[in-house]
Every structure is written in C-alpha cells, then in structure tokens.
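S.K.: Structure incoming, see below.
Here, each number is a calculation from the coordinates, and none is a lab measurement. Here the structure is a predicted model, which means the values were calculated and not measured. FYI the Cβ positions are ideal-geometry reconstructions off the backbone, even for glycines, and counts take in every protein chain you see.
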Amino acid sequence: MRIGSIIASVVVTALITTTVQASSGDLNIYGFMSVGVGILDKNEVTIEGFEGEGNFKQDTLLALQVSKQVNDNTTATGQLVSRGTDDFNTEAAWAFVTYQTSSDLTARMGRLRIPFFYYSEFLEVGYAYNWIRLPSDVYNIPFSSFDGVDLTQRFSFGSLDNSIQINYGRLNDELSIFEEEYQSDLKNMAGISLTSTYGDWGFRIAGQRTEMTLDTTVDEAYVKAVQVATIAQMTHDANPTLESGSALLAAAGSLEEAQIEFSQKRRIDQGQTGAILLAQQMNLDLEVEKEFSFDGHTADFYNAAIMFDNGNYSFIGEVTATEYESGLLVDNRAWLVSLAKRFGDTTTHLTYSTSRDVLNSGDSGKLQEALKLQGEDKSVTLGLRYDYDVNTALKLESQYHDEIMNRGVEGSYAMLYSFAIDVIF
Amino acid sequence: MKLIMKLMVSILLFAPVFICAVQAEVAVIVSLDNKNTYTSINKDLVARVFLAKVSKFPDGTIAKPVNLKQGHYLREAFNRDFLSKTESQLSRYWSRLRFSGKASLPKEVGNIAEMKLAVANDPALIGYIDAMDVDDTIKVVHKY
C-alpha cells in the first residue's frame, strides 16, 4: 500500500515535471527597450514633449512580450509596456489570443493595437524604425489600443502578397489629450486596412472610425456669470442708477470668481464652455451644445502609404486625414516623406513631415477659429542610425520643428537634438 | 622581411576560409514527402516564405521556414543570396512582425545535420543546407 502510494506520487511528480518542461519550452519571453535623451534649444516652447533642458524620460521605455503556444492553431500573447512619460507605470499594450486557421485567416481577440497608420501597430518599437520616435506631426492620436477582435486574411496574386485586416471593438480608458486626462468611452471602433507587398515595394490603405464620448463638461457657473454680468452691464448702460451700479459691481465680482474657477478647467472643458458663450455673442446659426461636445461623436482616420526598401535605399511616403464630427477637435491633414541610405551598419535618413488643421465650413468653422483651436506644424529631421549588433541600434537625430500656428496664434520654432539606444531581446 | 612573411602566412591561412564563405552554395531543401517540384519553387517564393509573406507551397500545403542559428556561415550566405538583407535588417524586419503579434520568428536549428533531420521528417518544413551536404534524405528545390 505504502509502496503503491510512493509509486503513485513519483508518477504524478514525473507527469507534472514533464508538463512544466513542455510548457516552458513553448513559452517565449522577449521584448524591447529604448533609452533616450533630448535637448531643445529653446526654453519657451514644448516640442515632442521636450522642453529646454535635457530630458531622459520622454524617449525611454521598456516592454516585455510573452507568448505561449497553446496548440497548433492557438497562441496567447501579452505585451507590457512601461513608459518614462508615464512615470514607468506598466500597461498592457497587447493581451490577446490568436487563432490561425489553415486558410491564411488569422483571428485575434483581446487587447490589440489600433491599426490606424503604417507604424501604428509597432509605434513604440524604436528598434523597428530609423527615427528615435515617430514623427508627431502624423503620429499624434491620443489612444493606440482597443479591446476587441481583428481578422486578417492573407492572399496573393502571383508575387503580390496582400493582407486585409478588419477590426472591431471598444476602448474605455483615460486619455491624455493636450497633456490633461479625460475619461473616455470610444465605442464601435471599426476599421479596415489593406497592405500589399511586391518585391521591394509596399502599399497600404486604411480607414478607422470610432464614436467618441468624453467626460468633458460645460462650466455652467461661468456661462451663468457671464450672462448675468452682460445683462447687468446692458441694464446699467441703458439707465444708470445706484441699484443698477451695485448690481453690476456684484455681477463683476461673481464673474471674477467664476473666471478663476474656469481658468482651472481642462482645455476641452474650456473650449466647450467657450463655444456656448461665443456662439451667443457671435450670433451663430449653430446647434452648439450638440456639435461642440463629445457624446458619441464620430472620429474618422484615413491613411495611405507607399514604402520601398531595396536594402541600400529605403523610402516611405504616408498621408493621413482625420475627421472629427465634434467641433472641439479640428479636422487634420498630415503627411510625411522619409528617405534613407544605408552605408554598411550605418543608415542616414532625412524626413519632412507636416500637419495642418482644417477648420469646418460655415459658422462651425468661424466658431473654431474664434476658439483658437487650430494648429499647423512642420518638421525636418536628419538622423543617423548605427546598428551596433543585430539587436542594438544607436541613434542620433536633429529635428527642426516649426509650430507655424499653435492654438490659433503664430507659434514658435526650435531645434531638438536627441540620442537614443534601442535594443530588442 | 619577417613581417611580410608573417603577413603572407596569415593571408594564406585565412584566405581559404574567406573564399569558402563567399563561395558556399546554398541548397534549399524540403522533405522527400513534399510533392512540390523543383520548378514550382523559385527563389522569389523561397524569400517570401522566409519573410512570412506566404505560408503555403504552390500545391496549397503549409510551408514553414527553418533557419540555421544566427552567426552560422550558411545563414549569412542565405540571407545575402535569397533575402538580399543583412542580419540587422532582418532583425528589424522581424521586430515589426513580432512586436505587433503578426508572426513569430522561424524555427531555428543549430547545424546542418539537425536541419536535414528536421526537414526530412516534416513535409511542411523548408530549409537550406550547404550544397556539399546534399544527400538522398532530402530533396533540393532550389540552388544558388
């Protein structure tokens, strides 16, 4: 009996050991890391998140990816990213299960990256591109992951290899817009992209739509105070009495208080409040509460890109268009072109990128202009990438960034010098 | 004079290795059970399979690439002759696929003997060996 139980436990142990060994054999742990520093030659502007002094956090991040083959068709993958810009808090950028059918169809479910533009699905993998960071004129969408599903179908015509990817899901998360936090619910996030490669050439077109709800609010107290003060002013101007004078004084006092409160609100809350007041003042024919808010308003993102890489020369041209139904964010057109030439282990590259906000037509656009929402930027980046070994790249970059227009007024320009080490493991 | 002698000796010593590495003829191989023919699998298709752009042989069966480990002289020859890319460029190419969950790295084996064994036993696999190591356990589909 005793021998029996010993044998049983040995067998059980052996079985467990085998299982553990088998699964650890299928478990892959890998990752990427970037360490960078940047210095801006001016103190009064912020560009790419950099201000005047040396900043070591902006371009620094660490990501670990774990994948486990569950069976022949199924793999579970997770990617945890810890960013310097987020005080090295760790976030799951990816967490999904892949199911691969035999017919070149792949289904994924879980937390995925939104395939907005060409680099969107590996936007933080510095090692994967020549730049230290993606050109922010084009890559500036304040969210990058969603929870849902995507399907990828691959097919070829001769040597032209294609893949169509469709995705559907939702993102319920805190978003950082203009460096302030907003609780968001991005529903019905749906998109489609087609990527083709032919020899050294690659092409991509894509579209993505979501319905944005943000926790932005109108500062009712401020709206009220402005209205009361305006009426008090008009009353006093029409027939100045002692009463009307003291009423005006009181109204001005509360307006001043309300103004202090208002100035502490987030930028989009201020915009939403300002929209209501300005629409009244400017006498605009507009459903301002409905149009200048975020309550399921659609946002559309379009992209086309062309790539070339023959090993010695590479090129990418990419155009994007963003259309917001809400007047509080301005429609945008952006594009970039980048050329690179390789000399052995060293690659030099030159990039021009530009972004331009496009005001709505009619009264809606007049209100956007009065709210000083629009911006325009252009950048020229010259850089060097040195592949130290097959897993390590050293990068040096100088970027001239011109904020042609920032928040509706003429902006400033600056040079950003940066250095980074990108590693994969 | 002595220095020149030393130089000549070292050149002579290293020259054969160098020449050998340059001249290594790469033979792309599949299992004997693989029904695809020499003519159907061209260099372009080999490259597309090894870059995860295609996952099927011309007859519709699944194709999985097998690599020799990094640093192997034949892997370098294969990368250069078939993929026209350096190891660093491939590493960058794969980082895009791996970190966006699109594909994982091809399976790797340590040496040519392991490569032959793995490919011989699985008709889905496609690998490469030195043309000098070709024997009747595997089938050559492309040589360069």
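S.K.: Fewest to most neighbouring Cβ within 10 Å: what's the order for A:282, A:33?
M.R.: A:282, A:33
S.K.: Rounded to the nearest Å, what's the spacing between the alpha carbon centres of the range A:323-384 and the range A:85-142? Just the number, please.
M.R.: Here the two parts' Cα centres lie 21 Å apart.
S.K.: Oh, and also: Pick out, in residue order, every one of the GluC sites (Glu not before Pro) in the range A:333-425 that is DSSP loop and has at most 11 other C-beta atoms within 10 Å; say none if there are none.
M.R.: Nothing satisfies the criteria.
S.K.: Next question. Count of lysine pairs in chain A with Cα atoms under 20 Å apart, counting only pairs 8 or more residues apart in sequence or on different chains?
M.R.: Taking the Cα cut-off of 20 Å, the pair count is 10.
S.K.: Given the convex hull over the Cα atoms of the protein assembly as shown, what projected area results after averaging over all orientations, in nm²?
M.R.: 40.3
S.K.: Contour minus end-to-end for residue A:369 and residue A:413, with contour as 0.36 nm per residue of separation and end-to-end as the Cα-Cα distance?
M.R.: Between residue A:369 and residue A:413, full extension yields an extra 13.7 nm.
S.K.: Could you sort the peptides A:95-105, A:200-210 by per-residue average Cβ neighbour count (10 Å cutoff), highest mean leading?
M.R.: Descending mean neighbour count gives A:200-210, A:95-105.
S.K.: Could you sort out which of B:69/B:139; B:107/B:143; B:53/B:107; B:43/B:107; B:56/B:143; B:64/B:116 sit more than 24 Å apart by Cα distance in this structure?
M.R.: Pairs exceeding 24 Å: none.
S.K.: Taking only complete DSSP H runs, can you tell me which helices of chain A stretch 30 Å or more along their own long axis by Cα positions and average at least 0.0 on the Kyte-Doolittle scale? Mind showing how you got there, number by number?
M.R.: Working: long enough: A:2-26 (36 Å, 1.03); A:242-263 (31 Å, 0.45).
Taking the DSSP H segments of chain A (at least 30 Å long, mean hydropathy at least 0.0), we get A:2-26, A:242-263.
S.K.: A follow-up question, please. Once you've got the GNM for chain A with C-alpha springs shorter than 10 Å, pick whichever of A:362, A:274, A:38 has the biggest mean-square fluctuation.
M.R.: Maximum among the listed residues: A:362.
S.K.: By how many nm would the segment from residue A:200 to residue A:300 lengthen if fully extended, with 0.36 nm per residue of separation less the alpha-carbon distance?
M.R.: Here the segment from residue A:200 to residue A:300 would lengthen by 33.0 nm.
S.K.: Something else: Under 17 Å from a point placed 7 Å out from the Cα of residue B:143 along the Cα-to-Cβ direction: which residues of the range B:38-75 have their backbone N that close?
M.R.: B:38-43
S.K.: Per DSSP helix of 4 or more residues, -39500 (n - 2.57); summed, then divided by the residues of the protein assembly as shown. What does that give at 222 nm, rounded to the nearest 500?
M.R.: -8500 deg cm²/dmol
S.K.: Return the FRET efficiency for the residue pair residue B:35, residue A:312: r is the Cβ-Cβ distance, R0 is 41 Å, and the value is rounded to the nearest 0.05.
M.R.: 0.60
S.K.: What is the gain in length, in nm to one decimal, between residue A:166 and residue A:341 on full extension, counting 0.36 nm per residue of separation less the C-alpha to C-alpha distance?
M.R.: Details: separation 175, 0.36 × 175 = 63.00 nm, distance 3.38 nm.
Taking 0.36 nm per residue and subtracting the Cα distance, the gain is 59.6 nm.
S.K.: Which value in nm describes the separation of the simple spin-label points at residue A:361 and residue B:134, placed 7 Å from the Cα toward the beta carbon?
M.R.: 6.7
S.K.: Another one. At a 10 Å Cβ-Cβ cut-off, how would you order B:38, B:144, fewest neighbours first?
M.R.: B:38, B:144
S.K.: Within 10 Å of each Cβ in B:100-107, how many Cβ atoms from other chains are there, averaged over the peptide?
M.R.: Values: counts 12, 17, 8, 1, 7, 2, 0, 0.
Partner-chain Cβ atoms within 10 Å, mean over residues of B:100-107: 6.
S.K.: Please state, as a whole number in µm²/s, the translational diffusion coefficient that the Stokes-Einstein equation yields for the range A:155-293 at 20 °C and 1.002 mPa s, with Rh defined as the Kirkwood radius across alpha carbon pairs.
M.R.: Values: Rh = 19.4 Å.
So the translational diffusion coefficient is about 110 µm²/s.
S.K.: Once the dipole of the range A:99-202 is set up with Lys and Arg at +1 and Asp and Glu at -1 on Cβ about the Cα centre, which of A:182, A:112, A:102 lies farthest towards its positive end?
M.R.: Value: A:102.
S.K.: Please give the FRET efficiency for residue A:281 paired with residue A:249, using the beta carbon to beta carbon distance and R0 = 22 Å, rounded to the nearest 0.05.
M.R.: For R0 = 22 Å, the calculated efficiency reads 0.50.
S.K.: Taking N as the number of residues in the range A:284-425, what is its alpha-carbon radius of gyration divided by 2.2 N^0.38 Å?
M.R.: That ratio works out to 1.36.
S.K.: Determine, from the Cβ-Cβ distance of residue A:188 and residue A:348 and an R0 of 56 Å, the FRET efficiency 1/(1 + (r/R0)^6), rounded to the nearest 0.05.
M.R.: 0.80
S.K.: How would A:372, A:378 line up from fewest to most surrounding beta-carbon atoms within 10 angstrom?
M.R.: Values: A:372 14, A:378 17.
Final ranking by Cβ density, sparse to dense: A:372, A:378.
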